[in-house]
Each structure stands twice: as structure tokens, then as C-alpha cells.
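The values are calculated or read from the model by the stated rules, or taken from the named source; none is laboratory data. Keep in mind that what you see is a predicted model, and the values were worked out from it rather than measured. Cβ atoms come from the backbone with ideal geometry, glycine included; neighbour counts cover every protein chain shown. What goes into the accessible areas is simple: the full protein's heavy atoms, side chains included, and nothing from ligands, DNA or RNA. Shrake-Rupley method; radii C 1.70, N 1.55, O 1.52, S 1.80 Å.
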Amino acid sequence: MQNSLFERYRIVVDAGQVSVRLDKFLGSRLPCVSRNRIQAGIRESSVLVNEKPVKPSYRIQPHDTIQVFLPTPPRTDHVAGEAIPIAIIYEDDDLLVVNKEAPMVVHPAHENWTGTLVNALVYHCDGLPSTASNQTRPGLVHRLDKGTSGLLVVAKHEDSLANLAYQFMQHTVSREYQALVWGDVRQNQGTIDIPIGRSAQDRRVMVPYSPEAGIGKQAVTHYEVVERLGYVTLVRCKLETGRTHQIRAHMKHLGHPLFGDPRYGGDRVVVGQRTSKYVSFVRNSLSTLPYQALHAKTLGFIHPKTKMLLSFQAPLPQGFQDVLNRWRVYTTAQSRDANKNNTQ
């Protein structure tokens, strides 16, 4: 095999990693690789665990060594339209607003050239605008990470693209996210104003830098506690800036990584006793929501042509809501047991 024709990965599973299916684990650790490609690779013995082929249903164990060898799809700057279902919640002649599902990648990029939201948009809309340096992202003025669900606005022509891009640059677009984070967030509300930039150790991860260092870009996140659920907290995050992984990196810096976040250490037991019952509960919850618990819930901006304020909301996706309900039940049971013990 020639290195230029294959994508190669080697992952050593952390000691504290809960047991999940191999395909789900790789889907969270390799966000630029579609789950279909991962499952096909496992079936074709292109994915080895401890140097042996396994089934897609294999459940990873701590300290497993996973090797992945996937053929590299041919790269092209031409984005082909694909008949992929997407949830369009608003559309007119100038723009559309989409409610993106968590597993979907927004635009073609290294290791992921098909099956993206942009492929679906190109199929749905003729002539989406793009620039010479941005051929693979027609219509986009912002993005969401794979694993993050929620609202995106897409421009349908060049005037809308320029107008919306200016609104984002001026930080006048209203964006509110809901996130489930590990731990009991101390303050009911606060602001994280810390520059972030790519880690020197892992370019896929964003880390905070001191303002004096002159590294990274300004990033400001306002947060507010919505619901406390014992070992986790539901928070509302409002972005003042829109940096890559901003909420994920900021909440990690605060000591509260997002539940299920594979890049920032949230896809394992972070807080709570390591009893078998609790570990099993967390494992089942992570299986229900195999991505970071982050949802772009509200989006507001001025319409490029009518100059009217548009505001949209998207309810939490079912997996996110199911995990919240699991934690509510668990927290209620824990509180009931504690009260029972105190009265005895």
C-alpha cells in the first residue's frame, strides 16, 4: 500500500473509556470520516483491534490498540449534489435555514468529500454562491462541527452571502446553544473571555492561550445554568465570537467538558463514583448520544433584502432529550435514596 492512497490512524483507547461499539467509537474519534466508510472498513478487515480484524459490533475495551487503513477518496473542488434528506425550516429566494442533524459533516474537507450538508444543498439549490478560495463551501457563512446539531443559515446568491458574512463579522448575529456538561457548574452565569488556538500537540484540538502570549484569536462565550442534574449540568451558551470549537474548548477550560465530547475528554466517566451501576448508566447514556451534547438552538439575523429581523428555534434532538431525561431520572433516584438513608 502507498501512503498517499490510504488514510492511516492509530488509536490507543484510554484506561477510563467506557465500552461502546467500535463503529460508534471511531465515528466520534474520526469526525471527518463518515460512519458508512468506517463500517465498510471494519467489514473489509481494514480496521484492526490489537492487530486482529473484528466485527462492527465489537465493543472496545480500555487499552485496545485500533489501527485504521481506509482508501482515500479522490479529491475534487467540484461539489456534486447528492439526494440527502435535510430539515429545511425556512426558505425564500435569498436564503434558507437548516436544522442540521448531529452526525452530518457540514462541508467537504480532507477525508470527507461526500455525504455532507453542502452536497445536499447543492442538490436542492442551483447556483449557490462561492468564492475562488472556497469552492467546496458554497452558500456557507458559518458552520457547525460534526456531532453538533442545530441551526445554520445558507445564502442562495452572492448579495446574501456578502450581507450575512458581514453580519457575522460584526458579531450582530444572535446564536444560542444548549450544552450538557460534566460537573456541577459553580456559578449560575458567567463569561469566558479567553483567546483560543490550535494545540501544538494536536492540531485537531483548540486550547486557550493567555492574551499576553499573542497566540490564538479572541473568543467570548457567555453561559448560564439552565438545570443542575447532579454530576452534569445543562447550560445555555451565547456566542459573542464564533471560533472553531469555541464552546467545547471554553467549557473544557472551565473544568466542565461537554458530555460525550470525544475531542475534549467528555466521552467517559468524568465525575461521579466508579461503581459498576453508575459506569453502566453513563455507558448507556453515551450510546444514546454518541456525540458531544451541543445543540445550536436559536439563530437570529437581519434578512439581507427585507431588513426584517428573523429568529428561529430548533428543539433539542431526540437523542439529546433522551439523555437529559435519563439524568433527570437518575438524579431523582439518587436524591430519594439519600433522603431515605438520612431518615433511617
Check your understanding: Within the range 325-338, can one find any residue that is open to solvent by less than 10 Å² (accessible area, probe 1.4 Å), under 25 Å from V13 (Cα atoms), touching a residue at least 40 places away in the same chain (Cβ under 8 Å) and touching a strand residue (DSSP E or B) at 6+ places or on another chain (Cβ under 7 Å)?
Key -> no
Point to revise | Positions within the range 162-173 being loosely packed, with under 13 Cβ neighbours inside 10 Å and touching a residue at least 24 places away in the same chain (Cβ under 8 Å), in sequence order | key: T172
Exercise for review: With the checklist (1) within 27 Å of L152 (Cβ to Cβ); (2) open to solvent by less than 70 Å² (accessible area, probe 1.4 Å); (3) not basic (K, R) in hand, flag the one item T306 doesn't pass.
Suggested key: (2)
Practice item. Test R35 against the stated conditions and say whether it is at pLDDT below 85, over 22 Å from the mean Cα position of the chain (by Cα), charged (D, E, K, R) and open to solvent by 30 Å² or more (accessible area, probe 1.4 Å). Key: no
**Study point:** Criterion (closer than 22 Å to A102 by Cβ and part of a loop (DSSP other than H, G, I, E, B)) met by exactly one of R203, R175, R137
**Key:** R137
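Listed here are the residues, each with its yes/no results for (1) surrounded by 14 or more Cβ atoms within 10 Å (Cβ to Cβ); (2) farther than 24 Å from Y291 by Cβ; (3) touching a Ser or Thr at 6+ places or on another chain (Cβ under 9 Å).
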position	(1), (2), (3)
L128	yes, yes, no
T148	yes, no, no
A155	yes, yes, no
D159	no, yes, no
R175	yes, no, yes
P195	yes, yes, yes
Q201	no, no, no
V207	yes, no, yes
T221	yes, no, yes
Check your understanding: Can you tell me which of Y223, Y166 is within 21 Å of G266 (Cβ to Cβ) and either of a type in the set (S, T, Y) or assigned to a helix (DSSP H, G or I) (or both)?
Key -> Y223
Point to revise | Contacts under 6 angstrom Cβ, first residue in the range 33-60 being closer than 24 Å to V105 by Cα, partner surrounded by fewer than 16 Cβ atoms within 10 Å (Cβ to Cβ) and polar (S, T, N, Q), 6 or more apart | key: none
Revision key, fill the gap. Given (1) modelled with pLDDT of 90 or more; (2) open to solvent by 10 Å² or more (accessible area, probe 1.4 Å); (3) in contact with a strand residue (DSSP E or B) (Cβ under 9 Å, 6 or more places away or on another chain), V185 misses just (2)
Practice item. From K277, K238, K307, K297, grab the single residue that is under 30 Å from G139 (Cα atoms) and more than 23 Å from the chain's Cα centre (by Cα). Key: K307
Check your understanding: When you look at T244, is it open to solvent by 20 Å² or more (accessible area, probe 1.4 Å), under 20 Å from the mean Cα position of the chain (by Cα) and hydroxyl-bearing (S, T, Y), yes or no?
Key -> yes
Check your understanding: Does the range 247-269 include one or more residues that are open to solvent by 30 Å² or more (accessible area, probe 1.4 Å), aliphatic (A, V, I, L, M) and either more than 20 Å from R175 (Cβ to Cβ) or touching a His at 6+ places or on another chain (Cβ under 7 Å) (or both)?
Key -> no
Check your understanding: What do you reckon, is P53 open to solvent by 50 Å² or more (accessible area, probe 1.4 Å) and closer than 30 Å to Q313 by Cα?
Key -> no
Review point. Considering only residues of the range 89-117 that are more than 25 Å from A293 (Cβ to Cβ) and open to solvent by less than 20 Å² (accessible area, probe 1.4 Å), which is modelled with the lowest pLDDT?
Key: P108
